[in-house]
1. Tell me yes or no: at least one residue of region 60-77 is of a type in the set (Val, Ile, Thr), in contact with a Phe, Trp or Tyr (Cβ under 9 Å, 6 or more places away or on another chain), farther than 25 Å from Gly171 by Cα and surrounded by fewer than 18 Cβ atoms within 10 Å (Cβ to Cβ).
2. Among the residues that make up region 12-20, is at least one of them on the phi < 0 side of the Ramachandran plot, among the charged types (D, E, K, R), loosely packed, with under 15 Cβ neighbours inside 10 Å and at pLDDT 95 or above?
3. Just need a number here: residues in region 190-226 that are crowded, with 22+ Cβ neighbours inside 10 Å and charged (D, E, K, R).
4. Would you please name the residue that is farthest from the chain's Cα centre (by Cα), looking only at residues in region 78-95 that are surrounded by 14 or more Cβ atoms within 10 Å (Cβ to Cβ) and among the charged types (D, E, K, R)?
5. Please go through region 32-59 and give me each residue that is β-branched (Val, Ile, Thr) and surrounded by fewer than 21 Cβ atoms within 10 Å (Cβ to Cβ), ordered by number.
6. Check Glu133 against each of (1) more than 17 Å from the chain's Cα centre (by Cα); (2) buried (at least 18 other Cβ atoms within 10 Å of the Cβ) and name the one condition it does not meet.
7. Please enumerate the residues belonging to region 155-197 that are touching a helix residue (DSSP H, G or I) at 6+ places or on another chain (Cβ under 8 Å) and of a type in the set (Val, Ile, Thr).
8. In region 19-46, which residue that is of a type in the set (Gly, Ala, Ser) and not in a helix (DSSP H, G or I) is farthest from Ala7 (Cα to Cα)?
Amino acid sequence: MRKTVIAGNWKMHMTCASAKEFMEGFLPLFKDLPSDRNVVIAPPFTAISSLATIIEGTQINLSSQNVHWEDSGAFTAEISPSMLLEHNVRYAIVGHSEPRKYFSESDEQINLRAKSAQTHGLIPIVCVGETFEQRERGEAERVIRRQVEQGLEQTDLSKLVIAYEPIWAIGTGKTCESNEANRICGLIRKWSGFNDLLIQYGGSVKPGNIDEIMSMSDIDGVLVGGASLDPQDFARIANYKIR
């Protein structure tokens, strides 16, 4: 049975102090979480060490927002798997639309990051998704299939998570209709050839739509942006109720 993964991507938000304040509000709301759910938080790199101490002994797992494919070297501004493992990080987001857009990350680089994460015992969360223009041109499936096939090449599909994030729905307030998101997630599972592949949806996930999203047959969790910055909102998302 596929296990649910609820992940919050804090992006470039939260200092160490504000991360601690978040946890003080979040942990009491999180204590009765059903055992079939993994909750993951991806803070900025500077807050990882502080959070690792605060969440010790809880059900919360830490994720990085990226990881390099080399274990060390002259790679300014990057972070290696061993640096993350030192702070008990378990997951690593790779291929998010923002690095793809702003730093021109290629599918080949994303695949290297995913393979490196797995080699070192991290679970990559591999993000895929189309732009509004690509969807309007009828290219969404072709684009996503390419990202899936190239991004997952030579990886262990039982030890990763795919996050389908339509780029036009990230931070815009627009949400892909649940049935359409479910259809795309079903196609991703089919293209991967692995029925137990864990697939999240991401894109303006909120307390008001989480129950419907999680009622979909091919959606195994969510990758949450803005709503994960509020402890009340993220707790409601983690404690979703199937309709």
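1. The answer is no; no qualifying residue exists.
2. No.
3. Of the residues in that region, 1 qualify.
4. In this case the residue turns out to be Glu78.
5. Thr46, Thr53, Ile54, Ile55, Thr58
6. Failed condition: (2).
7. Result: Thr155, Ile162, Ile167, Ile170, Thr175, Ile184, Ile188.
8. Ser35
The values are calculated or read from the model by the stated rules, or taken from the named source; none is laboratory data. Note that the coordinates shown come from a computational prediction; the quantities given were computed from them, not determined experimentally. Note that each Cβ is placed from the backbone with ideal geometry, even for glycine, and that neighbours are counted across all protein chains shown.
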